[in-house]
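For reference, the structure discussed in these notes is given below.
The values are calculated or read from the model by the stated rules, or taken from the named source; none is laboratory data. Small disclaimer: the values here were computed from a predicted structure and weren't measured. Cβ coordinates were reconstructed from backbone atoms using ideal geometry, including for glycine residues, and neighbour counts include every protein chain displayed. Ligands, DNA and RNA are stripped out before the accessible areas are found, and what is left, the full protein with its side chains, is counted by its heavy atoms. Shrake-Rupley method; radii C 1.70, N 1.55, O 1.52, S 1.80 Å.
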Amino acid sequence: GRLRNGLKRTRSGLTEGLANVFVGRKRLDDEMLEELETRLLSADMGIEAAQTVLDGLIEKLGRSELRDGSVVLEALQDEIAKVLKPVEQPLQIDLSRQPFVILTVGVNGAGKTTTIGKLASRYQQQGYSVMIAAGDTFRAAAVEQLKEWGEQINCPVVAQATGADSASVVYDAYEAARARGVDILIADTAGRLHTQGNLMEELRKIRRVLSRQDSSSPHETLLVLDGGNGQNALAQAEKFGEAVNVSGLAVTKLDGTARGGVLLALAQRLQVPVRYVGVGEGVDDLRTFNAKEFATALAS
Ligand code: GDP
């Protein structure tokens, strides 16, 4: 359904004419394997993950005669799902933490604001009360954008003036959420400061302030990555991972890219749970990550 439609372009990168690869082939020969490898790499899977998928395919199908191409397609989906399965770990909201705090981090343009809006809406629909902290005090537009989301989905947004201390905004929001009995606090953070070092220091400070209130907080540090960035997303994830304890990923813009294979590279290299995938700009265009579903959408 929606994920499949959303991933249309991802799919075409990997699978445009995929069926043709199998036509008239009686076995998994070198030519077919090479063609598959090219496609996996062009979907930005990276060499390691592509190799894992192909090795799995060979192990599963061997070189014996194949009934038809659909056997290879199904096996390909299975092998992709196998790589992704370990990072299929949906975020569990622990209501004994009040509020449950989700700190979102990521570079500007990754889709952080949009993901926060989508998440807040989703949790509200699930019956949770939600509050948003406009912690990106570096960009006036970020605060405005969050306020717009807040109005659209009827969710309170705690904000201060541009240039305010980000940690103090998050602290205020935490206090307000606690006082009002809010279930989930989602905090935005800056995606860029004057220097990379400043940014990472600010993120660490926010985490310190939060953990002073509740030692288990933030309960989730969600890194938002632009899936269209392909292998660059991997480098970003490594950078953020070194500075803050990233506990989950939201990979956005998988609808507008032929590079959805990057999820396999992320899964293999980082082993950080993938919580959500973004497949559009709308409020409902966020999916809980499911390995099998994603693999099927990617290769079909
Ligand atoms: P931020 O700078 O990280 O806060 O990024 P934004 O949330 O402002 O997103 C940047 C742009 O990407 C906006 O135009 C969003 O509408 C768009 N965007 C975010 N997520 C997705 C997605 O999953 N799919 C598509 N197609 N666009 C997205």
What number goes with the only condition from (1) surrounded by fewer than 22 Cβ atoms within 10 Å (Cβ to Cβ); (2) at pLDDT 95 or above; (3) more than 19 Å from the chain's Cα centre (by Cα); (4) away from the ligand (no atom under 16 Å from the Cβ) that F100 does not pass?
(1)
Filter the stretch 209-228 down to residues that are in contact (Cβ under 8 Å) with a residue 40 or more places away in the chain and assigned to a helix (DSSP H, G or I), then give me how many there are.
4
E88, sole failed condition from (1) within 16 Å of the ligand (Cβ to nearest atom); (2) open to solvent by 10 Å² or more (accessible area, probe 1.4 Å):
(1)
With the checklist (1) touching a strand residue (DSSP E or B) at 6+ places or on another chain (Cβ under 7 Å); (2) part of a helix (DSSP H, G or I); (3) free of Cβ contacts under 8 Å to residues at least 40 places away in the same chain in hand, flag the one item E238 doesn't pass.
(1)
Hey, can you tell me all the residues within the stretch 103-134 that are of a type in the set (S, T, N, Q), more than 16 Å from the ligand (Cβ to nearest atom) and outside any loop (DSSP other than H, G, I, E, B)?
Q124, Q125
Could you list, in sequence order, the residues of the stretch 197-226 that are closer than 18 Å to R139 by Cβ, within 16 Å of the ligand (Cβ to nearest atom) and not acidic (D, E)?
L199, L203, V224
Would a scan of the stretch 198-214 turn up a residue that is surrounded by 14 or more Cβ atoms within 10 Å (Cβ to Cβ), among the small types (G, A, S) and on the phi < 0 side of the Ramachandran plot?
no
Do we find that L146 is within 14 Å of the ligand (Cβ to nearest atom), within 27 Å of N229 (Cα to Cα) and open to solvent by less than 60 Å² (accessible area, probe 1.4 Å) in this structure?
yes
Consider only pairs whose beta carbons are under 7 Å apart and that are at least six residues apart or on different chains; among these, list those whose first residue lies in the stretch 274-300 and is polar (S, T, N, Q) and whose second residue is surrounded by 18 or more Cβ atoms within 10 Å (Cβ to Cβ) and not in a loop (DSSP other than H, G, I, E, B).
T288/Y276; N290/E88; T296/Q77; S300/R11; S300/T15
Counted residues, the stretch 165-197 - those being surrounded by fewer than 21 Cβ atoms within 10 Å (Cβ to Cβ), hydroxyl-bearing (S, T, Y) and not in a helix (DSSP H, G or I)
1
